[in-house]
Amino acid sequence: MKSRYQRNPEEVKVHLETREDGGVYTDTACKIQVPERYLMRHLASIGNETFILGFFAIIMDDRYYSVSNTAAMMRITPSTTDTVTIDGTEYLEFGFDPGERVFYSAQLVKNASLTFYIYDEHVAKGRIPWYFGYYDLARIFETTQEHAGIVLGDRAVLDFIVSTIARNPKDYTQLYRHVLERPSDADTNPPVIVAFRSVIWNTSDTTSKLIGAHFGDSVSSALVNPSERLERIEDMLRT
């Protein structure tokens, strides 16, 4: 499904217009996709009014798409709502006809707690939608200060945390940044994403595996991928 669309932000922008009433309108048919699980993760709601997290793909004329990276809930006004399956994952697909209002307002409400739900879904659980590439993943906390009203700290620390969940698709034990040779590799040979809290892939020593959650998985991981050196945390626990 992903290959059907060409990523072209400029082609998307020319079809959107902000009007005097504060709404953002489209002059051509378009659709927005977000993971259906957002409904259960406090990242979307459907009712008399529809809100979605500003992490979505907006697709124009079923050809071009762009990715939003806005850490805020956005009210949209779709004419249709469907569910589609992409790579085995269910997505909500909101449709808009030419001339319709897509975003009710460009004025967004700050919500600090939203940052936790973003972290829990995309980093802790490692659930990344099809439209998020490697570099989009690195920017998921980029707008939290502006749109969520929360300062998370040093950008380098956040980048490091996020980089640990991107792995070499040929060897999940290798960080993707260690095998990335050129920026274009992120498109031609994208990483696989693992959960940050995974005891299988995101622990480097036997002790951390065994004292983590999911004991059966921990033991299997410790046996299949034994640690090659004594980590500082192991040395501290033994003294």
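What follows draws every value from the coordinates through simple rules; no lab data is involved. The shown structure was predicted, so the numbers you read here are calculated from the model rather than taken from an experiment. For neighbour counting, all protein chains shown are included, and Cβ atoms are generated from backbone atoms with ideal geometry for every residue, glycine included.
Here is how the numbers come out for the structure above:
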{"quantity": "FRET efficiency, 1/(1 + (r/R0)^6) with R0 22 Å, evaluated for THR143 and ARG4 via beta carbons", "calculated": "0.20"}
{"quantity": "Residue exposure sequence - TYR134, TYR91 - by fewest surrounding Cβ within 10 Å", "calculated": "TYR134, TYR91"}
{"quantity": "For region 1-88, the Rg and Dmax computed from alpha carbons only, in angstrom", "calculated": "13.2, 41"}
{"quantity": "At R0 = 25 Å, FRET efficiency that the Cβ-Cβ distance of ARG197 and SER79 yields, to 0.05", "calculated": "0.05"}
{"quantity": "Set LYS31/LYS110; LYS125/LYS170; LYS13/LYS110 screened for pairs whose C-alpha atoms are more than 32 Å apart", "calculated": "none"}
